[in-house]
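Below: the structure, in C-alpha cells.
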Amino acid sequence: YMRQPLVINGQLAGFVAFFAQTPGRFDGAHLQLARLFAAQVGNALRNRETYLQLARVEQSQRAVENVARLIAEQDLPLSTLLFRIVEEARQLVGASAGFAMMSEPDGSLVVRAADMIESYVLGMRIAPGTGQAGLVALTNQPSVIEDYANWPGAIEDRRDFFKDDEIIFAVPLQYRERVIGVLQVVGKRAELIGIDETKEVLMMLAPQAATAIAKAQLQDQLRQESEQLRTILDHTP
C-alpha cells in the first residue's frame, strides 16, 4: 500500500491510497507521482468547494433581490409589510420562526410581527440593550446564538423559550445610519441552509427590508396626516 495525505486549504481531509499485489512494486518515483496526484486531487476538491460556495452566494443574492423587489413594489401597510419580511426571511433560510422588532423613541424594541410562533409575543417590549435583539440594536452588529439557555446575555424568563437544537440569528435593520429595528429568525440546525450562509443571506436582506420599512412608515405617516387634514376640513365651516 502507498498512501498520501489529501490536504485541502491546509487541513487534512483524507487520504489517497494505492495498492499493488506485487511486493516492492512502488519506488521513489511512484511516491513522487503519488504526491503530485494527491495535490491535484486536493486542488480539484478545493476548486469544487469554491465553485459551490459562489453558486450558493449567487443563488442567495438572486433570492434576496427577488424578495426585495416583491416587497418594494407593493404599497403595503407597515404591519403587513413586516409580516411579509419575516415570512420571506424565514422561508429563504429554512428557519422555523421569525420576528420583526421596531425601535421605540426610548431605545426599547417592540415585537410588531411574528411568523410561525405563538401570537402572544406580539407587542412584547424588550428593554434597551437587553437580550440578543437589544444588543444588536445597540451595537448595530449581527448576532448568532447557538445555545441561548446558557448565553450570558439571555433574558432570564426567556432562557427556556428556545430549544437546544435551535439557533437564533438577529440582524439590525438600518436606514440612513439609524437602527430602526431588528430582524430575528430561529431555526433548527439540521433544517437551516447553514449557519454562515443564513447570516450572509439575512445581512443581504436587511438593507432592502429596512428601506421598505422606512418607506412604509413614511406612507403610514402621510396617510394619517391626510386623514387628520380631511377631518379638520370636514368640520370647518
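The values are calculated or read from the model by the stated rules, or taken from the named source; none is laboratory data. Computed from a predicted model, the values in this text were never measured in an experiment. Cβ: placed from backbone, ideal geometry, glycine included. Neighbour counts: every protein chain shown. Accessible surface is based on the protein model in full, side chains and every heavy atom, while ligands, DNA and RNA are left aside. Shrake-Rupley method; radii C 1.70, N 1.55, O 1.52, S 1.80 Å.
For first residues located in segment 218-237 and closer than 30 Å to ARG176 by Cβ and among the polar types (S, T, N, Q), partners that are outside any helix (DSSP H, G or I) and open to solvent by 100 Å² or more (accessible area, probe 1.4 Å) and lie 6+ apart or on another chain with Cβ distances below 8 Å form the pairs GLN219/ASP75. Among the residues of this structure, GLN61 does not count as one that is within 30 Å of ASP165 (Cβ to Cβ) and either among the basic types (Lys, Arg) or loosely packed, with under 13 Cβ neighbours inside 10 Å (or both). Go through segment 128-149 and give me each residue that's hydrophobic (A, V, I, L, M, F, W, C), over 17 Å from PRO207 (Cβ atoms), within 15 Å of the chain's Cα centre (by Cα) and assigned to a helix (DSSP H, G or I). Within segment 128-149, ALA133 is the sole residue that qualifies. Might you let me know whether segment 86-100 holds any residue that is more than 25 Å from GLN53 (Cβ to Cβ), surrounded by fewer than 17 Cβ atoms within 10 Å (Cβ to Cβ) and of a type in the set (Phe, Trp, Tyr)? Looking through segment 86-100, none of the residues is more than 25 Å from GLN53 (Cβ to Cβ), surrounded by fewer than 17 Cβ atoms within 10 Å (Cβ to Cβ) and of a type in the set (Phe, Trp, Tyr). Within segment 1-17, residues that are among the basic types (Lys, Arg) sit with their Cβ atoms under 8 Å from residues that are surrounded by fewer than 13 Cβ atoms within 10 Å (Cβ to Cβ), at 6+ positions apart or across chains, in these pairs: ARG3/PHE15; ARG3/ALA17.
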